[in-house]
Amino acid sequence: MQKFSRRTDWDLEKTAYAAALERLHAGGGPVFDLTASNPTACGFQYDRAGILRELSRPECLEYGPNPRGLLVARTAVVDYYAEAASAQVATEQIFLTTSTSEAYSYLFRLHCDPGAEILIAQPSYPLFEFLADLDDVRLAPYRLFYDHGWHLDVAALTARITPRTRAVIVVHPNNPTGHFTSSAERMLLERICEEHGLALIVDEVFLDYVFDSREVAAPTAHKSFSTGEHPVLTYVLSGLSKVAGLPQMKAAWIAVFGPGPLLEAATVRLEVIADTFLSMNAPVQHAMPYLLRGRQNIQQQILLRVRENLATLDQLLARSPAVSRLQVQGGWYAVLRVPALMSGDALAIRLMEQERVVAHPGHFYGFDGDGWIVLSLLPPTDEFVEGITRLIRSIP
């Protein structure tokens, strides 16, 4: 009998939620998808001619592998940090990858032997569990707590550190809670990592999407971890998927920071890992200067959409005391609190079957208990309004 690795021993049976979603789409008729998060499918206007022109440059046909990525592409990333974060980053600190998922895999392999542990905040993005499984790494969740905004529970994080712990993951701003790690929390994280010899992995894919609102508690709350001092090894991850609204281009990067000797040891090893997996595709690398320079166009459209949808959501919720929204500082998601009268899956399935509305139950992202709904703020506003209206009327 054929054997498969234990790392792929997932429960692959179709869930009740997935079955309901399949029935919804198969039945025809309008679907109000409040989980839509693909910017290329949400009605935004791209510079199609310019993007296609850059991908057809003659040099795209040449193969000149570099484990860190082509200099022209890494220079574009350096320029991005200088403009977007006022950060001084050298091209030698940049490693290009095909996705942030691949970047995580590189870093897990760099720091973890089989069975090692990585600390990660909960709630958070569910893909991390699969990435960790594939690299034989264990995730040790530490809880964030909500009290007029999200906060790092330092005691909970510290309690999860064991001799097997190798790094701490921070998503800044968090997905899906949309909160930024404050400057004070960053200092605490760096102190903990320095004391225990841990690396700090910071996912900043949503960094550019900040709400102009009093909900951004402090002007420094959304500063990139690429700025300031770096007393511990720090890896900052981002990519074109969110920065330029181009998930199909499959281009991301790791920016490496830290004390001199540690930085050198990490980059040398990381270069071997990257070289083993071979360089990412040349056409997108050659196009990256153009794609990153043009990011403002799509970012402005996305920010306008998510701010408008967030304001509309608040207006609609004002007439529904049973449903409330948690504070959000950035990104393009929102979290709702609803009466926990049924399981999250049961509520989500009822929304599909009775209202033709698709929403995610909170447990998908690691929320404790029932009564949580996670929404994307990216859908076209008319579809978003109808979806929220239907969702609210279905809540007792």
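The values are calculated or read from the model by the stated rules, or taken from the named source; none is laboratory data. Just so we're clear, the structure is a prediction, and the values are computed from it rather than from any experiment. With ideal geometry, Cβ positions are generated from the backbone for all residues, glycine too; neighbour counts draw on all protein chains shown.
Within segment 24-48, the set of residues being touching a residue at least 24 places away in the same chain (Cβ under 8 Å) and not in a loop (DSSP other than H, G, I, E, B) comprises L24, F32, D33, P39, T40.
Being among the aromatic types (F, W, Y) and either within 15 Å of the chain's Cα centre (by Cα) or at pLDDT below 95 (or both) is the filter; apply it to segment 103-139 and report the residue that is nearest to A199 (Cα to Cα).
We begin by selecting, within segment 103-139, every residue among the aromatic types (F, W, Y); these are 104, 106, 108, 125, 128, 130.
After this cut, where a residue has to be either within 15 Å of the chain's Cα centre (by Cα) or at pLDDT below 95 (or both) as well, the list is 104, 125, 128, 130.
Numbers: Y104: 13, Y125: 20, F128: 17, F130: 21 Å.
The qualifying residue nearest to A199 (Cα to Cα) is Y104.
Mind listing whichever residues of segment 91-123 are in a helix (DSSP H, G or I), among the polar types (S, T, N, Q) and closer than 27 Å to F364 by Cα?
So in segment 91-123, the residues in a helix (DSSP H, G or I) come out as 91-93, 100-111.
Add one more test, that the residue is among the polar types (S, T, N, Q), and what stays is 91, 93, 100-101, 105.
T100, S101, S105, listed by residue number.
Would it be correct to say that V77 is in contact with a Ser or Thr (Cβ under 9 Å, 6 or more places away or on another chain), over 25 Å from L188 (Cα atoms) and in a helix (DSSP H, G or I)? So that I can check it myself, show each step before the final result.
On the way: in contact with a Ser or Thr (Cβ under 9 Å, 6 or more places away or on another chain): yes; over 25 Å from L188 (Cα atoms): yes; in a helix (DSSP H, G or I): yes.
Yes; evaluated as a whole, the condition is true for this residue.
Name every residue in segment 332-351 that is among the small types (G, A, S) and touching a residue at least 24 places away in the same chain (Cβ under 8 Å), in order of residue number.
Taking segment 332-351 and keeping what is among the small types (G, A, S), we get 334, 340, 343-344, 346, 348.
Selection gives A334, A340, S343, G344, A348.
Are any residues in segment 256-314 of a type in the set (F, W, Y) and out of contact with any Leu (no Cβ under 8 Å at 6 or more places or on another chain), and if so, which ones?
Matches in segment 256-314: F277, Y290.
Only one of the numbered conditions (1) buried (at least 16 other Cβ atoms within 10 Å of the Cβ); (2) touching a helix residue (DSSP H, G or I) at 6+ places or on another chain (Cβ under 7 Å); (3) within 23 Å of F95 (Cα to Cα) is violated by I192, and that is (3).
Checked against (1) at negative phi; (2) touching a helix residue (DSSP H, G or I) at 6+ places or on another chain (Cβ under 8 Å), R356 passes all but a single condition, namely (1). Working only within segment 100-130, note down all residues that are farther than 14 Å from N175 by Cβ and among the hydrophobic types (A, V, I, L, M, F, W, C). Scanning segment 100-130 gives A103, L107, F108, L110, C112, A116, I118, L119, F130.
Which members of segment 80-108 meet the condition of being hydroxyl-bearing (S, T, Y), in contact with a helix residue (DSSP H, G or I) (Cβ under 8 Å, 6 or more places away or on another chain) and closer than 27 Å to F128 by Cα?
Let us first name the residues in segment 80-108 that are hydroxyl-bearing (S, T, Y), namely 80-81, 86, 91, 97-101, 104-106.
Filter once more, so that each one left must be in contact with a helix residue (DSSP H, G or I) (Cβ under 8 Å, 6 or more places away or on another chain): 80, 91, 97, 99-101, 104-106.
Answer for segment 80-108, where residues must be hydroxyl-bearing (S, T, Y), in contact with a helix residue (DSSP H, G or I) (Cβ under 8 Å, 6 or more places away or on another chain) and closer than 27 Å to F128 by Cα: Y80, T97, S99, T100, S101, Y104, S105, Y106.
Filter segment 266-281 down to residues that are at pLDDT 95 or above and surrounded by 14 or more Cβ atoms within 10 Å (Cβ to Cβ) and give me whichever is farthest from G64 (Cα to Cα). Selected residue: A266.
Yes/no matrix, rows are residues, columns are (1) surrounded by 20 or more Cβ atoms within 10 Å (Cβ to Cβ); (2) assigned to a loop (DSSP other than H, G, I, E, B); (3) modelled with pLDDT of 95 or more:
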{"position": "A348", "(1), (2), (3)": "yes, no, yes"}
{"position": "G369", "(1), (2), (3)": "no, yes, no"}
{"position": "V374", "(1), (2), (3)": "yes, no, yes"}
{"position": "D382", "(1), (2), (3)": "no, no, yes"}
{"position": "V385", "(1), (2), (3)": "no, no, yes"}
{"position": "T389", "(1), (2), (3)": "no, no, yes"}
{"position": "P396", "(1), (2), (3)": "no, yes, no"}
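The set of residues from segment 308-335 being polar (S, T, N, Q) and surrounded by 14 or more Cβ atoms within 10 Å (Cβ to Cβ) comprises N309, T312, S320, Q327, Q329. The numbered conditions (1) surrounded by 15 or more Cβ atoms within 10 Å (Cβ to Cβ); (2) farther than 20 Å from C60 by Cβ; (3) of a type in the set (D, E, K, R) are all true for K250 except (2). For segment 248-287, residues that are aliphatic (A, V, I, L, M), closer than 22 Å to E204 by Cβ and part of a loop (DSSP other than H, G, I, E, B) total 2.
If we keep just the residues of segment 38-81 that are of a type in the set (G, A, S) and surrounded by 13 or more Cβ atoms within 10 Å (Cβ to Cβ), which is nearest to L303 (Cα to Cα)? Give the steps one after another, and end with the answer.
Residues of segment 38-81 of a type in the set (G, A, S): 41, 43, 49-50, 56, 64, 69, 73, 76.
Going one step further and asking which of them are surrounded by 13 or more Cβ atoms within 10 Å (Cβ to Cβ), we end up with 43, 50, 69, 73, 76.
Values: G43: 13, G50: 22, G69: 30, A73: 26, A76: 23 Å.
The qualifying residue nearest to L303 (Cα to Cα) is G43.
Restrict the check to segment 81-99 and report whether at least one residue is within 20 Å of H172 (Cα to Cα), in the same structural domain as V171 (by TED's automatic domain parsing) and among the acidic types (D, E). Checking segment 81-99: at least one residue is within 20 Å of H172 (Cα to Cα), in the same structural domain as V171 (by TED's automatic domain parsing) and among the acidic types (D, E).
Mind checking which residues of segment 158-180 are in a loop (DSSP other than H, G, I, E, B) and either among the small types (G, A, S) or closer than 15 Å to Y146 by Cβ (or both)? Before you say what the answer is, go through the steps one by one.
From segment 158-180, those in a loop (DSSP other than H, G, I, E, B) are 160-164, 172-180; that's our starting set.
Within segment 158-180, P173, N174, P176, T177, G178, H179, F180 qualify.
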